[in-house]
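Participant: Take this structure first; my questions come after.
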Amino acid sequence: MNINKILVRIIALLLFFPILFMVFLSLSGAWPWPFLMPKSISLRGYLYVFNPSTKILKILINSILLSLIVTFITIAISLPAANALAFYDFKGKNIIKVLLFLPLIVPMIAVTMGIHLIFIRLGIVNTYLGVILIHVIPGIPYGVKILLNVFELKGNKIELQAKILGASTWQVLRYITIPIIMPTLVVAGSVIYIISFTQYFITFLIGGGKIITYSIILFPFAESGDRTILSALSVIFVISVLAIIYLSEKLVKKIYKNYI
Amino acid sequence: MSNIKIFNVYKYYNGRAVLKNINLDINEGELVVLLGPSGSGKTTLINGIAGIISFENGEVYFNKDLMNNVPIEKRNAALVDQNLLLFPHMTVYSNIAFGLKMRRLDKQIIDKKVKLLIDLMELSGLEKKYPYQLSGGQAQRVAIARALAIEPKVLLLDEPLSKLDKNLRRNMQEFIKELQKKLNITTIMVTHDLEEAFIVADKIALLIDGEIKQYDTPANIYEKPVSKEVAEFFGCSNYIYGKVENGKFISDVGVFDVNVSNCQYATYMFRPEQIILGEKQKNSLKACIIKRQYLGDRVNYIIDINGNKLVCSSNNKNLNIGDIVYISLDFDKAICFFE
């Protein structure tokens, strides 16, 4: 075995070990120190998660829906924004490009504290609407930046060609731009979805404890140290994210196959 | 199909005029070639006609309709870009049908039209192929078919053949010319290739530095250029400088009978093929070959007459450097510039 193969295996192990360990941990029963292996195997973690009285599955589905809506809104904002930044010349364009990254530079806590006051005035704290809106903010820099790079690389000549052939702005977007940038949209969408799905603090602040997302139920277990349940929750977390990304990619491809 | 009128068009980039006082009248069914070196403003002009850019000044009419404020998608001026810009995610069929689909035409009508175009453009059997599966010539024909599908008022071709190899290019030139005549569609084509312009054009508009220097038939623009600049664009020319007195042109090369009035400074221009090498005759001039350029079908000889260097092109390939030859100059066919 040469050095390359060894390196590949080490890196793979380093990447997969935490996940494997998490799966392993989620199935373990009592596991006192100093034993290398758990003394028993237990489904306690999963039974807890799937027990209807804990409402965890319901919260998971709610969370998924919430993050999907956030993803959709964020993409809907990022797409025209990136398009404008890529293809139109206007004053202050470069400043806007920098300002876009503010939500990443300024800690989200600080941003959310400020927005919290505004949301109280608007009466949308403790509501799904408020949580959705606050989740959109950290996603936008990623959405715009990913799409902007693709637009700048791709240019808009092909869109102009579609216009020449008589397509309206909407038709160009629907039949040309979106199908061509679909792989990028899936990537951007995945990133935005994960960002939204993993938000804990800003959900807690704007949701006021009334809007419970999956991340919110995860947190107390991390603090209390029930590693079995925490691991089971985390495994479900990972599976749900992978499943959503996989399914949305399939679905989107299928929809667009019929368009073309 | 329509006639196109371009009136007094100016275009500026960063304060620099790239198009100056452009006026063009194009009749219905004509194929006009915009010819010029790179950077002369050809693409800018054709983009302006398509509506991709707007002109600072001037008017564009299709028939009698002013197009200045008509958006791209409503102009019905089909531009075929040099990069073709086929939609990569669509089949040949969908590419051609695109413009019709956007107009929400009936599916059967679209199908009929697309099939007609596929036959016309010799694309049968490729309907289900994607652009990346096509050869250069096929992709070219799809791009043109897609443009023709919308029955444009004017077909605009922006160096459409520049990416094809030479043989394919000749075929496509013939193809475009025949197609254009068959459909009688007003066409504007941009090229920097002289030969291509001569093959396809009904009229050539020569664009240099953003100005139309001459707008005429291929024969006229080559044989009767209005200025030295135009003449020089169409290849190497010989100039003989002198003055005209009492029907005689007096120059370093010799004294010749000409049919023009007196003039202090006159310049006669001869194309290389207008200088005829031959036997010694009454009016022939003695010259010495000082350079020889072999070009395959002909040879360019650079000859010296009394210290003046002239280039002449001949089918006679047997002459060598140092040979003494006799040339005759036909001043009636030469072009004369008075300054």
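What follows is calculated from the coordinates using simple rules that are stated; it is not laboratory data. Since the model is a prediction, treat every value here as computed from it, not as a measurement. Glycine gets a Cβ as well: all are built from the backbone with ideal geometry, and neighbour counts include every protein chain shown.
Participant: Tell me the Kirkwood hydrodynamic radius of region A:1-42 in angstroms, computed as one over the mean inverse distance between distinct C-alpha pairs.
Facilitator: It works out to 12.0 Å.
Participant: Report the normalised scattering of region B:236-338 as log10 I(q)/I(0) at q = 0.23, 0.24 Å⁻¹, calculated by the Debye formula with identical scatterers on the alpha carbons.
Facilitator: -1.24, -1.32
Participant: Take every Cα pair under 8 Å in chain A that's 6+ residues apart, average their separations, divide by the length, and report that relative contact order as a whole percent. Don't skip to the end; give the middle numbers.
Facilitator: Values: 253 pairs, mean separation 75.8, N = 260.
Dividing the mean separation by the residue count of chain A yields 29 percent.
Participant: If you don't mind, another one. Determine one quarter of the surface area of the Cα convex hull of region B:244-303, which equals its mean projected area, and express it in nm² to one decimal.
Facilitator: Here the figure is 5.2 nm², rounded to one decimal.
Participant: Once you have a ≥ b ≥ c as the square roots of the Cα gyration tensor eigenvalues for chain B, tell me rounded if a/c is under 1.5, and otherwise prolate or oblate according to whether a/b is larger than b/c. Before the final figure, lay out each step's value.
Facilitator: On the way: a/c = 3.13, a/b = 1.92, b/c = 1.63.
Verdict is prolate for chain B.
Participant: Expressed as an acute angle from 0 to 90° and rounded to the nearest 10, what is the orientation of the C-alpha long axis of helix A:182-197 relative to the principal long axis of chain A?
Facilitator: The two axes meet at around 50 degrees.
Participant: Continuing with this model, one more query. Scaled to the compact-protein estimate 2.2 N^0.38 Å, what is the alpha-carbon radius of gyration of chain A, rounded to two decimal places?
Facilitator: The reported ratio for this selection is 1.22.
Participant: Using a simple charge model, +1 on the beta-carbon of Lys and Arg, -1 on the beta-carbon of Asp and Glu, nothing else, what dipole does chain B show about its Cα centre, in debye to the nearest 20? If you can, show how the numbers build up before the last one.
Facilitator: On the way: 43 positive and 40 negative charges, 175 e Å.
Dipole of chain B, to the nearest 20 debye: 840 debye.
Participant: In region B:41-83, which trypsin sites (Lys or Arg not before Pro) are in a loop and have at most 16 other Cβ atoms within 10 Å, using DSSP for the loop call?
Facilitator: B:K64
Participant: Would you mind calculating the relative contact order of region B:4-232 from Cα pairs under 8 angstrom and at least 6 residues apart, reporting the percent as a whole number? Working shown, then result.
Facilitator: Details: 407 pairs, mean separation 67.3, N = 229.
With pairs under 8 Å counted, the relative contact order is 29 percent.
Participant: Antiparallel as a % of all DSSP beta bridges within the protein assembly as shown, to the nearest 5? Walk me through the numbers on the way to the answer.
Facilitator: Working: 58 of 75 bridges.
So the antiparallel bridges in the protein assembly as shown amount to around 75 percent.
Participant: Separate question: Give me the distance in nm between label points sitting 7 Å out from Cα along the Cα-to-Cβ direction at A:L99 and A:S168, one decimal.
Facilitator: 3.1
Participant: Let me ask something additional. I want to make sure I understand the PRE zone here: with the label point 7 angstrom from the Cα of B:I290 toward its beta carbon, which residues in region B:311-339 have backbone N atoms less than 17 Å away?
Facilitator: B:311-313, B:320-327
Participant: Quick check: pseudo-label points 7 Å beyond the Cα along Cα→Cβ at B:E211 and B:Q82, how many nm apart are they?
Facilitator: 2.4
Participant: Within region A:163-207, which chymotrypsin sites (Phe, Trp or Tyr not before Pro) sit in a loop by DSSP and count at most 14 neighbouring Cβ atoms inside 10 Å? Walk me through the intermediate numbers first.
Facilitator: On the way: sites: A:W170, A:Y175, A:Y193, A:F197, A:Y200, A:F201, A:F204; in loops: A:Y200.
For chymotrypsin sites (Phe, Trp or Tyr not before Pro) across region A:163-207 that sit outside H, G, I, E and B with at most 14 neighbouring Cβ atoms in 10 Å, the list reads A:Y200.
Participant: Summarise the long-distance tail of P(r) for region B:1-111 by giving the % of C-alpha pairs beyond 21 Å.
Facilitator: It works out to 47 percent of all Cα pairs.
Participant: Next question. Please report how far the C-alpha centroid of region A:55-98 lies from that of region A:100-134, rounded to the nearest whole angstrom.
Facilitator: One Cα centre to the other: 15 Å.
Participant: As an exercise, use a Förster radius of 51 Å and the Cβ-Cβ distance of B:S54 and A:K58 to find the FRET efficiency, rounded to the nearest 0.05.
Facilitator: 0.35
Participant: What length, rounded to one decimal in nm, is gained on full extension from B:R104 through to B:K224, with 0.36 nm per residue of separation minus their alpha-carbon distance?
Facilitator: On the way: separation 120, 0.36 × 120 = 43.20 nm, distance 5.00 nm.
Additional length available on full extension: 38.2 nm.
Participant: Sticking with this one: Any chance you could tell me what percent of the C-alpha pair distances in region A:23-71 go past 15 Å? Could the numbers behind the result be given before it?
Facilitator: On the way: 699 of 1176 pairs.
When all Cα pairs of region A:23-71 are counted, 59 percent exceed 15 Å.
Participant: Given H placed 1.01 Å from N in the peptide plane, which residues other than close sequence neighbours of B:G58 have an amide H under 5 Å from its amide H?
Facilitator: It is B:Y10, by chain and number.
Participant: Hey, got the dipole for region B:248-339? About the Cα centre, +1 on K and R Cβ, -1 on D and E Cβ, debye to the nearest 20?
Facilitator: About 240 debye.
Participant: Given a Förster radius of 35 Å and the C-beta distance between B:S124 and B:N63 as r, what FRET efficiency does 1/(1 + (r/R0)^6) yield to the nearest 0.05?
Facilitator: Taking R0 as 35 Å, the efficiency between B:S124 and B:N63 is 0.50.
Participant: If only Cα atoms are counted, what is the Rg of the protein assembly as shown, and what is its Dmax, in Å?
Facilitator: Both quantities, over Cα of the protein assembly as shown: 36.4, 124 Å.
Participant: Taking a virtual spin label 7 Å from the Cα of A:I118 along the C-beta vector, which residues in region A:86-102 bring their backbone nitrogen under 20 Å of it?
Facilitator: Hits in region A:86-102 for A:I118 at 20 Å: A:95-102.
Participant: Additional query: Towards the positive end of the charge dipole of chain A, with charges on Cβ (+1 Lys, Arg; -1 Asp, Glu), say which of A:V150, A:I41, A:S53 has the farthest Cα.
Facilitator: The listed residue farthest towards the positive side: A:V150.
Participant: What is the helix-to-structure angle for A:214-224, meaning the angle in degrees between its Cα long axis and the longest Cα principal axis of chain A, kept from 0 to 90 and rounded to the nearest 10?
Facilitator: 30
Participant: So for each of A:123-132, B:125-134 I average, over its residues, the number of other beta carbons within 10 Å; can you give me the resulting order with the highest mean first?
Facilitator: In descending order of packing, they fall as A:123-132, B:125-134.
Participant: Just want the answer: with Cβ charges of +1 for Lys and Arg and -1 for Asp and Glu, which residue in A:L233, A:L133, A:I178 is farthest toward the dipole's positive end in chain A?
Facilitator: It is A:I178.
Participant: Of all the C-alpha pairs in region B:161-297, what % are more than 18 Å from each other?
Facilitator: Values: 6417 of 9316 pairs.
It works out to 69 percent of all Cα pairs.
Participant: Magnitude of the Cβ-charge dipole of chain A, K/R +1 and D/E -1, about the Cα centre, nearest 20 debye?
Facilitator: Details: 21 positive and 6 negative charges, 87 e Å.
Charge dipole, chain A, about its Cα centre: 420 debye, nearest 20.
Participant: Select from region A:54-157 those trypsin sites (Lys or Arg not before Pro) which occupy a DSSP coil region and have at most 10 other Cβ atoms within 10 Å, ordered by residue number.
Facilitator: Answer by residue number: A:K91.
Participant: Taking the 0 to 90 degree range and rounding to the nearest ten, how far is the long axis of helix A:108-122 tilted relative to the main principal axis of chain A, both from C-alpha atoms?
Facilitator: Tilt relative to chain A: about 70 degrees.
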